[in-house]
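Derivation of every value follows stated rules applied to the coordinates shown; laboratory data play no part. Since the model is a prediction, treat every value here as computed from it, not as a measurement. FYI the Cβ positions are ideal-geometry reconstructions off the backbone, even for glycines, and counts take in every protein chain you see.
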Amino acid sequence: MSLVVRRFVVGPLDTNAYLVADPVTRHAVVIDPGAEGAFLARRAADEGWHIRHIWITHAHFDHIGGAGELAEALPTWPLVAMHPDDIWLWRLEGGAPLFGFHIDPGPEPSVYLQHGQRLRLGQTVFEVRHAPGHSPGHVMFYVPDEHLLFAGDVIFYEGIGRTDIPGGDPEALQKSIATQVLSLPDSVRILPGHGPETTVGHERRYNPFLTFRP
């Protein structure tokens with residue numbers, strides 16, 4: 001049976017939080033709980049799913065702001081996975097104080113992600129792809145068997161992530177897109193951190209912000 005993916009638009013920046021479950025084991029992960037953590041926990045419970053992990057694409061506040069509330073709402077404290085190059089940003093509450101407010105970033109990450117690492121949810125393998133540029137430790141989660149890419153803020157429908165923020169690097173972002181996104185088959189569905197889903201093929205042809213199109 002295929003993965004079950006639920007997308008929820010949360011928080012003031014309309015972040016896509018993804019609740020992903022294995023229908024056999026009923027184990028689940030949340031990718032980027034940007035806000036409304038208790039709501040995400042309730043939705044999982046309503047489905048009979050057990051959230052074991054939180055996977056973070058990057059540590060901006062709009063992607064981690066609901067992690068604390070989510071962890072508090074779960075019967076078992078979840079493991080949090082993040083790339084170590086974004087830990088500094090996590091410790092600064094994802095930059096929230098720069099905008100005049102505070103967040104609870106949740107449990108300190110205990111799983112440090114690396115490029116090429118494999119994660120499992122039931123029998124499904126997720127491949128970690130380090131894709132810096134929007135932030136130094138940005139990662140994406142690629143599921144070859146499902147033709148899915150959880151892309152965070154690397155690439156959007158006919159758009160790309162911002163680089164005019166601390167840790168941003170426009171050249172690194174373009175390289176990440178070329179090597180870690182456009183290297184995938186055109187049929188791969190991109191589930192971004194904001195906005196509607198798209199495909200690798202669509203972005204290869206129509207994204208006006210790309211400087212390199214293999």
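Within the stretch 7-21, residues that are closer than 14 Å to ILE31 by Cβ and without any contact (Cβ under 8 Å) to a residue 12 or more places away in the chain have Cβ atoms under 9 Å from residues that are assigned to a strand (DSSP E or B) and of a type outside the set (Ser, Thr, Tyr) in these pairs: VAL9/ASN16; VAL9/ALA17; VAL9/HIS194, counting only partners at least 6 apart in sequence or on another chain. For the stretch 178-200, a residue qualifies if it is in contact with a strand residue (DSSP E or B) (Cβ under 6 Å, 6 or more places away or on another chain), of a type in the set (D, E, K, R) and part of a loop (DSSP other than H, G, I, E, B), and exactly one does: GLU197.
Residues in the stretch 39-59: is at least one touching a helix residue (DSSP H, G or I) at 6+ places or on another chain (Cβ under 6 Å) and of a type in the set (D, E, K, R)? Checked the stretch 39-59: no residue is touching a helix residue (DSSP H, G or I) at 6+ places or on another chain (Cβ under 6 Å) and of a type in the set (D, E, K, R). In the stretch 30-51, of all residues being out of contact with any Ser or Thr (no Cβ under 9 Å at 6 or more places or on another chain), hydrophobic (A, V, I, L, M, F, W, C) and within 25 Å of MET140 (Cβ to Cβ), the one that is surrounded by the fewest Cβ atoms within 10 Å (Cβ to Cβ) corresponds to PHE39. Total residues in the stretch 151-187 satisfying the condition of being aliphatic (A, V, I, L, M) and surrounded by fewer than 21 Cβ atoms within 10 Å (Cβ to Cβ): the figure is 5. Could you pull out the residue among PRO75, PRO84 that is touching a residue at least 40 places away in the same chain (Cβ under 8 Å) and not aromatic (Phe, Trp, Tyr)? Of the residues listed, the single one that is touching a residue at least 40 places away in the same chain (Cβ under 8 Å) and not aromatic (Phe, Trp, Tyr) is PRO84. The set of residues in the stretch 98-131 being within 17 Å of ALA81 (Cβ to Cβ) and touching a Gly at 6+ places or on another chain (Cβ under 9 Å) consists of PRO105, GLY106, PRO107, LEU113, GLU127, VAL128, ARG129, HIS130, ALA131. Cβ separations smaller than 7 Å between residues 6+ apart or across chains give the following pairs from the stretch 153-166 residues that are without any contact (Cβ under 8 Å) to a residue 60 or more places away in the chain to residues that are surrounded by fewer than 16 Cβ atoms within 10 Å (Cβ to Cβ) and small (Gly, Ala, Ser): PHE156/GLY195; TYR157/GLY195.
Of all residues in the stretch 193-214, those that are in contact with a Gly (Cβ under 8 Å, 6 or more places away or on another chain) and within 20 Å of HIS115 (Cβ to Cβ) total 1.
From the list HIS134, HIS130, HIS138, the lone residue that is surrounded by fewer than 21 Cβ atoms within 10 Å (Cβ to Cβ) and in contact with a helix residue (DSSP H, G or I) (Cβ under 9 Å, 6 or more places away or on another chain) is HIS130.
Of the candidates HIS58, HIS27, the single residue that is touching a residue at least 60 places away in the same chain (Cβ under 8 Å) and surrounded by fewer than 24 Cβ atoms within 10 Å (Cβ to Cβ) is HIS27. Residues considered: LEU40, LEU92. Of these, the only one that is closer than 16 Å to PHE150 by Cβ and hydrophobic (A, V, I, L, M, F, W, C) is LEU40.
One residue stands out among those in the stretch 15-24 that are among the hydrophobic types (A, V, I, L, M, F, W, C) and surrounded by 24 or more Cβ atoms within 10 Å (Cβ to Cβ): the one that is farthest from ASP164 (Cα to Cα), which is VAL20.
Selection within the stretch 188-204: residues that are under 12 Å from ILE155 (Cβ atoms) and small (Gly, Ala, Ser). The member of this set that is surrounded by the most Cβ atoms within 10 Å (Cβ to Cβ) is GLY193. Assess whether ALA17 counts as being outside any strand (DSSP E or B) and small (Gly, Ala, Ser). Taking the combined requirement at face value, the residue does not satisfy it.
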